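Read-outs: derived from the displayed coordinates by stated rules, not from any lab. Given the structure is predicted, the values throughout are model-derived calculations rather than measurements. Neighbour counts are summed over all protein chains in view; Cβ atoms, including those assigned to glycine, are modelled from backbone coordinates with ideal geometry.
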Amino acid sequence: MRRFLAYLTDRRSDPHLRVTSEEIRDYLTHLAVRRRVSANTQNQALSAILFLCREVLGVEVGDLSRAVKAKLGTRLPVVLSVPGTGALLSAMHGRSWLMTALIYGGGLRVSECCQLRTKDIDFDQG
């Protein structure tokens, strides 16, 4: 909040805190373009400013329809290539190989693999 208040102080001569929706949009643009913060940081700043204005100061900020929340990018999981997986498995032996093969082939989590019991495996199915 200090940064937002400093931003407002730098841009206006009136020290009283009357925040407009345009100033909020400008600040969020400033965060994205000049400060290059992440989408999470932009959204957190917007939520904090709205809370300050509405709940603490009791001031309605007006129309923020153009102040769109920053979209979070979807992250794809990092996976090994088929040759990389083969090389990894060929470097292992015994219990390590078996657990890694089960995790990879069955899509198990490590905790699920560690909790497996002999009766959980259907040996007749292959």
Legend entry - Listed values [x] 1.46; [y] 1.02; [z] 1.92, entry calculated as Cα Rg over 2.2 N^0.38 Å: [z]
Legend entry - For LEU52, net neighbour charge (Lys/Arg +1, Asp/Glu -1) across residues whose Cβ lies under 14 Å away: +1
Legend entry - Formal net charge of residues neighbouring HIS30 (Cβ-Cβ distance under 11 Å; K, R +1; D, E -1): +3
Inset, instruction - Write down the Å³ per residue value for the convex hull defined by the alpha carbon atoms of region 82-125. - result: 90 Å³
Inset, instruction - Using only the Cα atoms of region 2-56, build the gyration tensor, take square roots of its eigenvalues as a ≥ b ≥ c, and label the shape rounded, prolate or oblate: rounded if a/c is under 1.5, else prolate if a/b is larger than b/c, else oblate. - result: oblate
Legend entry - Residue with peak Gaussian network fluctuation, the chain [Cα springs, cutoff 10 Å], from SER47, SER21, SER90: SER90
Legend entry - For the chain, built as a Gaussian network whose Cα springs stay under 10 Å, the top-fluctuating residue of GLY86, GLY62, GLY94: GLY94
